[in-house]
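Undergrad: Here's a structure for you.
The numbers here are math on the coordinates, done by the rules we state, and not lab data. Every value quoted in this text rests on a predicted model; they were computed, and no experiment measured them. Cβ atoms come from the backbone with ideal geometry, glycine included; neighbour counts cover every protein chain shown.
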Amino acid sequence: MGGIGETLTARKAAQMIVIATLAVTLLGGVIVWIVDHDEFPNLGESFWWALQTVTTVGYGDVVPSDTEGRIVGAFLMLQGIGFITVIAASVTAALIEQARKRRNVDEEPATTAHLEGIEARLDAIERALGIESPSGDEPEKPAS
């Protein structure tokens with residue numbers, strides 16, 4: 001997915017989870033078909049069960065009866081829960097980042113104007129106190 005030192009973004013993390021979930025679903029379907037052939041007589045049915053399980057739907061129409069099949073099912077359920085969590089977090093992170101960017105753009109002119117006002121007030125105070133400003137300007141002498 002990327003080289004060493006490459007920044008992991010929410011989008012890249014989501015892509016990695018999608019690929020891993022797809023691979024685990026397909027592999028889980030094949031494994032449960034092999035270990036619990038009585039309950040899953042064909043690959044189509046085992047893939048359907050794996051898809052139901054990883055999406056956490058689990059209709060219950062087909063379930064593994066052997067311990068090995070149940071272990072595969074548990075792994076698929078955990079992968080599905082992780083998949084849903086990462087996708088939700090990725091969407092949330094993207095929305096927060098968009099809101100942050102909008103907020104910074106909206107506030108930038110007001111912040112700049114506010115800082116300029118503060119700077120002008122400080123300059124006036126420095127002149128009134130006879131302090132030399134950082135720019136080297138001569139201060140005005142306070143009125144007597």
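Undergrad: Find out how many positive minus negative residues lie around S65, taking Lys and Arg as positive, Asp and Glu as negative, among other residues whose Cβ is under 11 Å from that of S65.
TA: Values: positive: R70; negative: D36, D38, E39, D66, E68.
Residues near S65 contribute -4 overall.
Undergrad: With θ taken as phi - 60° and the coefficients 6.51, -1.76 and 1.60, list the Karplus ³J(HN,Hα) couplings across the stretch 28-43 in order, rounded to whole Hz; mark glycine and proline as x.
TA: x, x, 5, 5, 5, 5, 6, 7, 9, 5, 5, 7, 10, x, 9, 5
Undergrad: Next question. Could I have the simple spin-label model distance between L27 and T112, label points 7 Å from Cα toward Cβ, reported in nm to one decimal?
TA: Spacing of the two 7 Å Cα→Cβ label points: 5.3 nm.
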